[in-house]
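The structure appears right after this line, and notes come after that.
The values are calculated or read from the model by the stated rules, or taken from the named source; none is laboratory data. A quick note: this is a predicted structure, and the numbers were derived from the prediction, not measured. When we count neighbours, we look across all protein chains shown, and the Cβ atoms used for this are built from the backbone with ideal geometry, even at glycine.
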Amino acid sequence: MLIKLNKVSFVTVGHGASKKVERTILEPVWINPNHIAKIVIEQGPADCPDITEITWGVGRFGSHISVLETPEQIISLISGHTR
């Protein structure tokens, strides 16, 4: 079973205090929830929503991805697929 999430990344311009988000990029991504090791809320750039960082695997073999969905939404998607 896979769940569909929205991978989020930001294109920024400027630097330091004048750094601004020029564009937000959303890409669909399919993740096996059985491989998720950790879900953490991260603060997004100024004037952008908070993001959720998903980590799977451990040590140097681990990887992570930033998604737009909240941890509650992710848990709801997972529990909806297990019924």
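Odds and ends about this structure:
- For residue 28, the criteria (1) surrounded by 10 or more Cβ atoms within 10 Å (Cβ to Cβ); (2) without any contact (Cβ under 8 Å) to a residue 40 or more places away in the chain; (3) touching a strand residue (DSSP E or B) at 6+ places or on another chain (Cβ under 7 Å) hold in every case but one, which is (1).
- Residue match in segment 34-48 (condition: touching a Phe, Trp or Tyr at 6+ places or on another chain (Cβ under 6 Å), of a type in the set (Val, Ile, Thr) and either under 22 Å from residue 80 (Cβ atoms) or at pLDDT 90 or above (or both)): yes
- Scanning segment 30-79 for residues that are on the phi > 0 side of the Ramachandran plot and touching a Pro at 6+ places or on another chain (Cβ under 8 Å) turns up nothing.
- Restricting 82, 24 to those that are modelled with pLDDT under 85 and of a type in the set (S, T, N, Q) reduces the list to 82.
- Total residues in segment 42-83, condition under 19 Å from residue 28 (Cβ atoms), hydroxyl-bearing (Ser, Thr, Tyr) and either in contact (Cβ under 8 Å) with a residue 12 or more places away in the chain or surrounded by 15 or more Cβ atoms within 10 Å (Cβ to Cβ) (or both): 3
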